[in-house]
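Quick notes on the structure that follows.
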Amino acid sequence: MSPVLRTTLTLAAVAAVCTTLVAATFLLTSERIAQNEQAFLESQLSPVIGSIRHDGGMLDNVTSIADGLPGRDPARLYRVLRDGLTVALLFEVTAMDGYAGPIRLLIGIRSDGVLTGVRTLAHEETPGLGDKIESARSDWILGFEGRAIGNPPAARWSIHADGGDFDQITGASVTSRAVVNAVSETLIYFSANRDALLTAPDSP
Ligand SMILES: Cc1cc2nc3c(=O)[nH]c(=O)nc-3n(C[C@H](O)[C@H](O)[C@H](O)COP(=O)(O)O)c2cc1C
């Protein structure tokens, strides 16, 4: 066998083994990763719902909304029910205009349009700056609770630097602006589609 052919076959064998290892690792870990993501999401749902009494089982009550909410992909909508009636909605949306990448948010809105809470699910913002949108790193994201359309008035639903009522995180105006805008757009969507959104498919 020529040296060139031997080297080629050796490289092909090494490539095949590596590819198999990568594929096997992916298969073995993908289910665990999905389970971890689900567990993280569940842990974030409660703080966003706030003190609202509910029946539980939000993760079984999820639909997707193709258009009209922040993000490139369809947004996810979790329905919070009490005695079968929708008392709040949780929107999983994505602000596409973060400083370093998309910012995935969970936004809770009570049936009367008041925000029950907002949490950051995933982001790529800079540690020490934009990552203060995580509730574990600062209280900034808690400032949305109790806000609604009209509180503040539409013209002031922006960060201070843009003439609005919301503090920006120091050194992270781009991040702060992206989150405030995504929350505002989600509230506007809720307001425009309130009746249809609150009518659960299985409502009495
Ligand atoms: C290394 C580095 C990382 C940065 N990370 C962020 C960030 O995560 N979020 C952000 O909004 N701005 C970040 N900035 C700052 C922005 O470039 C910008 O200056 C800042 O958002 C202030 O914007 P403003 O001038 O409109 O207030 C970073 C800057 C540098 C040099």
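The angle between the Cα long axis of helix 173-198 and the main principal axis of the chain comes to about 70°, on a 0 to 90 degree scale. Contact order for the chain, expressed relative to its length and based on alpha carbon pairs under 8 Å spaced 6+ residues apart, stands at 16 percent.
Which one, G163, G68, V48, projects farthest toward the positive side of the charge dipole computed for segment 47-198 from Cβ point charges (K/R +1, D/E -1)? Going by the charge dipole, the pick is V48.
Assuming R0 = 35 Å, what is the FRET efficiency of D165 and T25, from their Cβ-Cβ distance, to the nearest 0.05?
On the way: r = 48 Å, r/R0 = 1.38.
Calculated value: 0.15.
Under a model in which nothing but the beta-carbon of Lys, Arg (+1) and Asp, Glu (-1) is charged, the chain shows a dipole of about 300 debye around its Cα centre.
FRET efficiency for M1 and R32, Cβ-Cβ distance as r, R0 = 35 Å, nearest 0.05?
About 0.20, to the nearest 0.05.
Label sites at A122 and A192, each approximated as a point 7 angstrom past Cα along Cα to Cβ, lie 2.6 nm apart. Taking a point 7 Å out from the Cα of A136 in the direction of its Cβ, the residues of segment 23-60 whose backbone N falls within less than 20 Å of it are 32-50. Annotation: for a label point projected 7 angstrom from Cα along Cα→Cβ of M96, residues of segment 44-74 with backbone N closer than 19 Å are 64-74. Between A148, I188, H123, the Cα set farthest toward the positive side of the dipole of the chain (charges on each charged residue's Cβ, about the Cα centre) is that of H123.
Do any trypsin sites (Lys or Arg not before Pro) in segment 1-105 lie in a DSSP loop with no more than 15 other beta carbon atoms within 10 Å, and if so, which?
In loop regions of segment 1-105 (DSSP not H, G, I, E or B), the sparsely surrounded trypsin sites (Lys or Arg not before Pro) are R53, R72.
Read-outs throughout are calculated quantities, based only on the coordinates presented, and are distinct from any laboratory measurement. Predicted, not measured: the structure shown is a model, and the values here were computed from it. Virtual Cβ from ideal backbone geometry, glycine too; neighbours counted across all protein chains shown.
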